[in-house]
Amino acid sequence: MALAGSLARQFTIGYVRPTGFPRLDALRARWDQIERETQDFVAACSETDLARIIGYRNFQNERWAYPLWQQMVHQVNHATQHRSEVALLLSQWGYSPGWLDLLYFVDVQQQGLTV
């Protein structure tokens, strides 16, 4: 699947390098592009795509292989870990990011409020 190959390349080369984003608007533009590409990737996935075993090598050059759906769930879970780590650091420095709970976000959205 071409999309999986593209996804793997982007994980390998990395999305964000601080030197490539001299201003916040440049970083925001790149994030918006990543979000669009992610939405397109997910929308294009069929049941067959999700069941396909995708192999890769990690940074220790170990070979692993999992169904795409498991790798996608892992990515969401792993991102949650990073968000919580960053939130803790920001809070310790006096800059809490506020509520990160999904259900809080859902409630706010249903009430037509902005976070």
inquiry  = Against the definition (basic (Lys, Arg) and touching a strand residue (DSSP E or B) at 6+ places or on another chain (Cβ under 6 Å)), how does Arg57 come out, yes or no?
reply    = yes
ask   = Within the range 78-115, how many residues turn out to be of a type in the set (Asp, Glu) and surrounded by 11 or more Cβ atoms within 10 Å (Cβ to Cβ)?
value = 1
ask   = Of all residues in the range 35-83, which are in a helix (DSSP H, G or I) and among the polar types (S, T, N, Q)?
value = Thr38, Gln39, Thr48, Gln70, Gln71, Gln75, Asn77, Thr80, Gln81
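The numbers here are math on the coordinates, done by the rules we state, and not lab data. If you're wondering where the values come from, they're calculated on a predicted model, not measured in any experiment. Cβ sites come from the backbone with ideal geometry, for glycine too, and all protein chains shown count toward neighbours.
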